[in-house]
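The values are calculated or read from the model by the stated rules, or taken from the named source; none is laboratory data. The shown structure was predicted, so the numbers you read here are calculated from the model rather than taken from an experiment. All Cβ positions, even for glycine, are placed from backbone atoms using ideal geometry, and neighbour counts span all protein chains on display.
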Amino acid sequence: DVKVTQSSRYLVKRTGEKVFLECVQDMDHENMFWYRQDPGLGLRLIYFSYDVKMKEKGDIPEGYSVSREKKERFSLILESASTNQTSMYLCASFRQGLSYTFGSGTRLTVV
Amino acid sequence: SQQGEEDPQALSIQEGENATMNCSYKTSINNLQWYRQNSGRGLVHLILIRSNEREKHSGRLRVTLDTSKKSSSLLITASRAADTASYFCAPPLQTGANNLFFGTGTRLTVIP
């Protein structure tokens, strides 16, 4: 069964910490995405990547960076976590012409 | 204004009833997808309907697409408590794009 795996289901971090959210897919998909989801705001795109070492800003990239050194792995980095980054983070991947496959999500709390 | 919007935002029905959720979008599309999200989990793909299709079925799901009105609907027949979830339509972000737009979804509650 094909999968998108997010490394943590729940995370609690302190303000100012550097936070890494990892996402791995086993489907050889070119495209990978990071979203955050907050009540009443839907899914907002943070960053996406079309290929290894390529990245594009989404709608809300401020305070985040990403890394895609290998095709299967797309990492989201919070350089200095802040309380307003408390959210559900969702990773997804897809190959052109197919549907998105999402991970189970990481609920991050910044205290 | 957004590329896609679901209506209603929330829907509560009794088990066994049908649930209808609507979606409107703004640009021309090649296809439109519907996803489901259980509380606190990731989204799961339900069905894809192409622009040359008016209706598509998958089990208890029926999706319609009216490209002239730029609208789609998802019907769940004979609902079950396990259908309780949020449902999202996902049109392409813009004409010709591969990336999808996800809105706020319709929160469906099926009461046993």
| field | From the options A:Val12, A:Val52, A:Val24, A:Val19, residue that is under 11 Å from the mean Cα position of the chain (by Cα) and among the aliphatic types (A, V, I, L, M) | value | A:Val24
| message | Regarding region B:42-54, can at least one residue be identified that is at negative phi, among the acidic types (Asp, Glu) and not in a loop (DSSP other than H, G, I, E, B)? | response | no
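Listed here are the residues, each with its yes/no results for (1) under 23 Å from A:Lys3 (Cα atoms); (2) at pLDDT 95 or above; (3) surrounded by fewer than 17 Cβ atoms within 10 Å (Cβ to Cβ).
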site	(1), (2), (3)
B:Tyr25	no, no, no
B:Gln37	yes, yes, no
B:Ile47	yes, yes, no
B:Glu53	no, yes, yes
B:His57	no, yes, yes
B:Val63	no, yes, no
| said: Just checking, does region B:1-8 include any residue being at the interface with chain A (Cβ under 9 Å from one of its Cβ atoms) and in a loop (DSSP other than H, G, I, E, B)? | reply: yes
| Selection from region B:68-95 of residues that are in contact (Cβ under 8 Å) with a residue 60 or more places away in the chain and not aliphatic (A, V, I, L, M) | B:Ser79, B:Arg80, B:Asp83, B:Tyr87, B:Phe88, B:Cys89, B:Pro91, B:Pro92, B:Gln94, B:Thr95
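For every residue, the table says whether it meets (1) within 21 Å of B:Ala97 (Cα to Cα); (2) of a type in the set (D, E, K, R).
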| site | (1), (2) |
| --- | --- |
| A:Ser7 | no, no |
| A:Lys13 | no, yes |
| A:Lys18 | no, yes |
| A:Asn31 | yes, no |
| A:Met54 | yes, no |
| A:Ser65 | no, no |
| A:Ile77 | no, no |
| A:Arg95 | yes, yes |
| A:Gly105 | no, no |
| On the given criteria, is A:Met27 surrounded by 13 or more Cβ atoms within 10 Å (Cβ to Cβ) and not in a strand (DSSP E or B)? | yes
| request: Check whether at least one residue in region B:82-104 is more than 14 Å from chain A (Cβ to nearest Cβ), more than 15 Å from the chain's Cα centre (by Cα) and surrounded by 14 or more Cβ atoms within 10 Å (Cβ to Cβ), and report yes or no. | output: no
| request: Would you point out the residue of region A:30-47, among those that are buried (at least 23 other Cβ atoms within 10 Å of the Cβ) and facing chain B (nearest Cβ under 9 Å), that is farthest from B:Gln37 (Cα to Cα)? | output: A:Phe33
| query | Which condition number does B:Asn30 fail, the rest of (1) surrounded by fewer than 16 Cβ atoms within 10 Å (Cβ to Cβ); (2) modelled with pLDDT of 95 or more; (3) farther than 25 Å from A:Gln37 by Cα being met? | reply | (2)
| Members of region A:76-103 that are modelled with pLDDT of 95 or more, surrounded by fewer than 18 Cβ atoms within 10 Å (Cβ to Cβ) and small (Gly, Ala, Ser) | A:Ser80, A:Ser82
